[in-house]
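The values are calculated or read from the model by the stated rules, or taken from the named source; none is laboratory data. Small disclaimer: the values here were computed from a predicted structure and weren't measured. No Cβ is skipped: glycine too gets one built from the backbone with ideal geometry, and neighbour counts run over all protein chains shown. SASA here: full protein model, heavy atoms, side chains in, ligands and nucleic acids out. Shrake-Rupley method; radii C 1.70, N 1.55, O 1.52, S 1.80 Å.
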Amino acid sequence: MKDQLESIKKDFSTAIEKVKSLADLADLENKFLGRKNGALTLAMKELKNLPKSKIAEAGQAANEIKKNIELKIKSLKAELSQTGSDGFFDYTLPGQESPLGHLHLVTEAIREIAAIFERVGFERMRYPEVEWDYYAFESLNMPKDHPARDEWETFFIDKSPISKKFGLPAKASATAGQRVLTPHTSNGQVRDMERGKLPIRMMNISKTYRRQMDASHTPMFHQFEGLVIDKDINITHLKGTIDYFVKNFFLPAGEAGGPDREIRLRPHHFQFTEPSFEIDVSCGVCGGKGCKLCKEGWLELAGAGMVHPNVLKAGGIDPNKYSGFAFGWGVERCYMMKSGLNIDDIRLLYKNDLRFLRQF
Ligand code: FA5
């Protein structure tokens, strides 16, 4: 059997060199792989007559030769299909298009969100994703051991700081604390105030991290934070800005105010804003009936409120002269609630399954 297989392999190598056209190739394929009389097919039928101890080894060798023959035939077929049987290449044939990819859905959402806010004067800033406790919590009116910190289910880094020089609090009296993977983009609030430029219209879009995982939570997700500080800023400015974003992001062009999505502001508590709200959207997956994603018809998308005087003070701003609002939204959840999409599990966005990604 071994010799027979070797001779088939050799014959095929010689024969394929002589193939000039697709018709020759079809004959060759039939000669070696044809169902009834193909040389390799017949050899493989003989396998069952071998002694049992030899069958596995010979079968494996035959399969390898078969795979090799199929591969060579396939590649020659592709080559000959480009060139006519007489060797003429037809340059007027339409070219074969290379498959085109697209940016990841979350990247697309981030670009769209940034453009919406840039149109009304927000400046995009970047602040650290590996952050000091001070900026993630303490400067936001959450002293050490304050129970409100628990909500952020934070990853603390059990190592001494990487760089003592960069990014330490500007206030000489403040202690930087431990390092964390920033659990929210609000770490950018006091950092931005410390730049010393007023008024502020800042947005910070960044990766954020928490010990959470289910249909509406991932351990790494993105938030976008808005911070506005100026004289006489009040709650109507906050509501107007939320309204502007919602109308531009969730509803298809020309349908602003359409009935398919509703937004509500729900009173809430954050240590760093007073008053505080959470922003919910009527769920686009179940149409507001309640499902595994939203539970009761509304999906929470963001937190927001008027900046707390203690936070302004931490950033060196006089709360008697200036006021401001801030908000922080989940990018993935916002994307999932866009009109016409039906994504009922946030984890789908990070599975990198092409069958899912190609639909967008
Ligand atoms: C905050 O993180 C506040 N920093 C928001 C804020 C900013 C309030 C400024 C006031 C002023 P919260 O923990 O609710 O709030 O998170 C905000 C949003 O992030 C959520 O509504 C949700 O859309 C998103 N989010 C939170 N955790 C996850 C997670 N694990 N996976 C995906 N998205 C999440």
*Can you tell me which residues in the stretch 334-348 are surrounded by fewer than 22 Cβ atoms within 10 Å (Cβ to Cβ), touching a residue at least 12 places away in the same chain (Cβ under 8 Å) and assigned to a helix (DSSP H, G or I)?*
Ile346, Arg347
*All positions within the stretch 278-295 that are within 15 Å of the ligand (Cβ to nearest atom), in a loop (DSSP other than H, G, I, E, B) and more than 22 Å from the chain's Cα centre (by Cα)*: Lys295
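Show me the helices (runs of 4 or more DSSP H) entirely contained within the stretch 25-130 in which 1 or more residues are under 21 Å from Ser7 (Cβ atoms) and either open to solvent by 40 Å² or more (accessible area, probe 1.4 Å) or at pLDDT below 95 (or both).
Here the list reads 39-46, 52-82.
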*Filter the stretch 299-332 for residues that are touching a Lys or Arg at 6+ places or on another chain (Cβ under 7 Å) and within 28 Å of Ala215 (Cβ to Cβ); which is nearest to the ligand (Cβ to nearest atom)?*
Leu301
_the stretch 349-360 - residue that is assigned to a helix (DSSP H, G or I), away from the ligand (no atom under 14 Å from the Cβ) and open to solvent by 50 Å² or more (accessible area, probe 1.4 Å) and, of those, nearest to Pro99 (Cα to Cα)_ = Leu354
*What are the residue pairs meeting all of these: first residue in the stretch 58-74, first residue under 15 Å from Ala39 (Cβ atoms), second residue among the aromatic types (Phe, Trp, Tyr) and surrounded by 15 or more Cβ atoms within 10 Å (Cβ to Cβ), Cβ atoms under 6 Å, and 6 or more apart or on different chains?*
Ile69/Phe12; Ile69/Phe32
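Restricting to the stretch 296-320, and then to whatever is part of a loop (DSSP other than H, G, I, E, B) and open to solvent by 30 Å² or more (accessible area, probe 1.4 Å), can you tell me which residue is farthest from Pro169 (Cα to Cα)?
Glu296
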